[in-house]
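In what follows, a single structure is set out as structure tokens and then discussed.
Just so it is clear, none of the values below were taken in a lab; they were calculated from the coordinates. Being a predicted model, the structure only gives us computed values, none of them experimental. Positions of Cβ are backbone-derived with ideal geometry, glycine not excepted, and every protein chain shown enters the neighbour counts.
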């Protein structure tokens, strides 16, 4: 408690002067900037450059070699599998029997051979293959807004080696052509998209069709 | 500064001045600082992140509009609730609201789009190339995000300190600003996750596909980015040292490492649990409990200095009989102390009045801080309000 003899007058009537928030002392200026703010900002810039430039550049320069060998099967979520062409490179996706520790395979797998690219994607879907193809077309049209790869051909029916009926259509884009196929296993939809140069030969087409034909779902997923 | 029991009023006023100088409480924050290099750095990185996010949102809106609408609305409410909660727990030397918005925006746009997202993609790809896809799926996220995301968020606090050196003075300031950076990061990341979920059923059933993600992210969000960045922010202030917070390198390193460890564990829970759902749920709950327990300890450790500032600022008011010793103790105390103060009143209306008196006393503290301890009209009015409410006189305003 205060001393009883102390003067009980209150504090000063005017706030003590403090310079404006933007004030920079004359001895802290460097080309008009507050020199004290330069080092922390440069440190943050260095971190941003490391994250947004250096790491992506390192990633781009490191080659990736995971080549499909005969007998490899790629597995996706929902026990969907397909047989990639031997010699193609796996850029994403896992081989059957090599599940991650969580036991859940990813929903997408992609294999590439030069400019040729084949991607299989899976997800829940309620409807038939033709409806799935329509849904994929609607979504990709909305995402691409007329640019990029578009479904251009009339839908046709495809049948896999497993005997599963699906729907497919041609896709085209700038200097790109390909095919899209859709299948529905119960409530599990599967989309397969193959794209490559417009002038890709018939051998590439046959390879892609073989991979589409190999799409299947193992027993567990059907339950 | 601690004042001895026999301190004179002049000593108390001096202690108040020192507390106000040290804490930065009540100082205004000006965002536009053209001579501050950090301001330009902030603008550049936030601008890049903002443009990236808006262009992604615009590109996907036609396809996933329903899910985006739901996610943005849900997370806006979530952010508002969090804002209210932060105001609720921070009774002490408050930071300017503008500074919290600046922190939020850094977390939402710069830390995500301009920094961590690019690094995450690159590191995950490098892990897959080096150790294989299976290993990358198991451990990639847990060994990428804690480094990229925590430092991307934390670097924002470094800029904020450079932009507001007179306001960001204590580890508790770092704790609060870190939480807001984390909130911004969380909200934008959640909206991005909801957009991804909306596409998992080929664009059909968007609401059904994304609602689970939205709920899960909301529930787990409290013990995720907000919490990690709050602890990291406190740690960074201890590491750097501030005028009101002496440098404590060991404590700083520990508090910087803990959220990285928690984040890594959280991202690896799926791999640690394996295919067992029960184990997964148990580990998730365990991770949340541990994280919250650590958060409470860090809060308790950092808030003490803020409470001391409140005591130093309000002690002259107690000496001048504007507030009572019990009110001073409640103001500078924790939740229990405030509750005990209110419960000391016997009747319901007296308890309610005690709560109002305490709120008016906190408002007086804010006015004193804004006036740098001077006896301005606003301060005198705030004092009169304390007296009016205590006397039970209705407000003329």
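Given contacts defined as C-alpha pairs under 8 Å and at least six residues apart, what's the relative contact order of chain A, whole-number percent?
Computed value for chain A: 17 percent relative contact order.
Which value does Rg/Rh take for chain B over its C-alpha atoms, Rh per Kirkwood?
1.03
Round to a whole angstrom and tell me the spacing of the C-alpha centers of the range B:194-267 and the range A:168-223.
Here the two parts' Cα centres lie 39 Å apart.
If the label point is 7 Å along Cα→Cβ of residue A:162, which residues in the range A:187-212 have backbone nitrogen under 19 Å from it?
Under cut-off, by backbone N: A:187-194, A:208-212.
Listing B:91, A:98 from the residue with the fewest other Cβ atoms within 10 Å to the one with the most, what is the order?
Exposure proxy ranking, most exposed first: A:98, B:91.
Say each of residue B:345 and residue B:276 gets a label point 7 Å from the Cα, pointing the same way as Cα to Cβ; how far apart are those two points in nm?
Calculated label separation equals 5.3 nm.
Would you mind computing, in nm to one decimal, how far apart the modelled labels at residue B:395 and residue A:104 are, each placed 7 Å from Cα along Cα→Cβ?
Rounded to a tenth, the inter-label distance reads 5.0 nm.
Most mobile of B:198, B:80, B:301 per a Gaussian network model of chain B (Cα springs, under 10 Å)?
Top of the fluctuation ranking is B:80.
Between the range A:64-83 and the range B:155-175, how far is it from one alpha carbon centroid to the other, in angstrom?
Computed from Cα coordinates, the inter-centre distance equals 50 Å.
If I model a spin label as a point 7 Å beyond the Cα along the Cα-Cβ vector, how far apart are those points for residue B:377 and residue B:44 in nm?
The answer from the label model is 4.6 nm.
Please tell me the relative contact order of the range B:320-391 in percent, rounded to the nearest whole number, where contacts are Cα pairs under 8 Å and at least six residues apart.
31 percent.
Rounded to the nearest 0.05, what FRET efficiency is calculated for residue B:10 and residue B:196 with R0 set to 41 Å and r the Cβ-Cβ distance?
So, using R0 = 41 Å, E works out to roughly 0.05.
Quick one: helix B:206-221 against the long Cα principal axis of chain B, what's the angle to the nearest 10°, folded into 0 to 90?
Approximately 50 degrees, to the nearest ten.
Using per-residue counts of other Cβ atoms within 10 Å, averaged over each peptide, order B:103-116, B:36-49, A:169-182 from highest down.
B:103-116, B:36-49, A:169-182
Answer rounded, prolate or oblate for chain A, using the Cα gyration tensor with square roots of eigenvalues a ≥ b ≥ c: rounded when a/c is under 1.5, else prolate when a/b is larger than b/c, else oblate.
It is prolate, given that a/c is not under 1.5 and a/b is the larger ratio.
Compare A:188, A:29, A:145 in a GNM of chain A, Cα atoms joined below 10 Å, and give the one with the largest fluctuation.
Highest fluctuation of the listed residues: A:29.
Classify the range B:320-391: rounded, prolate or oblate, from the alpha-carbon gyration tensor (a ≥ b ≥ c, eigenvalue square roots; a/c under 1.5 rounded; otherwise prolate if a/b is larger than b/c)?
Verdict is prolate for the range B:320-391.
Cα centroids of the range A:97-135 and the range B:103-120: how far apart, whole angstrom?
Cα centroid of the range A:97-135 versus Cα centroid of the range B:103-120: 29 Å apart.
Relative to the first principal axis of the alpha-carbon coordinates of chain A, what is the inclination of helix A:202-213, with its axis defined by its Cα atoms, in degrees from 0 to 90 and to the nearest 10?
Result, in degrees: 80.
Starting with the fewest neighbours, write out A:68, B:298, B:219 ranked by other beta-carbon atoms found within 10 Å of each beta-carbon.
Fewest-to-most Cβ neighbours within 10 Å comes out as B:219, A:68, B:298.
Which residue fluctuates the most in chain B, going by a Gaussian network model with Cα springs under 10 Å, if the choices are B:285, B:123, B:294?
B:285
Listing B:139, B:266, B:83 from the residue with the fewest other Cβ atoms within 10 Å to the one with the most, what is the order?
Listing B:139, B:266, B:83 from fewest to most nearby Cβ atoms yields B:83, B:139, B:266.
Calculate the mean, over all residues of peptide B:60-66, of how many other protein chain Cβ atoms lie within 10 angstrom of the residue's Cβ.
Counting Cβ atoms of other protein chains within 10 Å of each residue's Cβ and averaging gives 3.
Could you tell me how many degrees, from 0 to 90 and to the nearest 10, lie between the Cα long axis of helix A:129-144 and the main elongation axis, the longest principal axis, of the Cα atoms of chain A?
That helix lies at roughly 40 degrees to the long axis.
Across peptide B:133-140, how many C-beta atoms of other chains are within 10 Å of each residue C-beta, on average?
Mean partner-chain Cβ count within 10 Å for B:133-140: 5.
For the protein assembly as shown, what does the alpha-carbon gyration tensor say about shape, rounded, prolate or oblate, given a ≥ b ≥ c as the root eigenvalues, a/c under 1.5 as rounded, and a/b over b/c as prolate?
Verdict is prolate for the protein assembly as shown.
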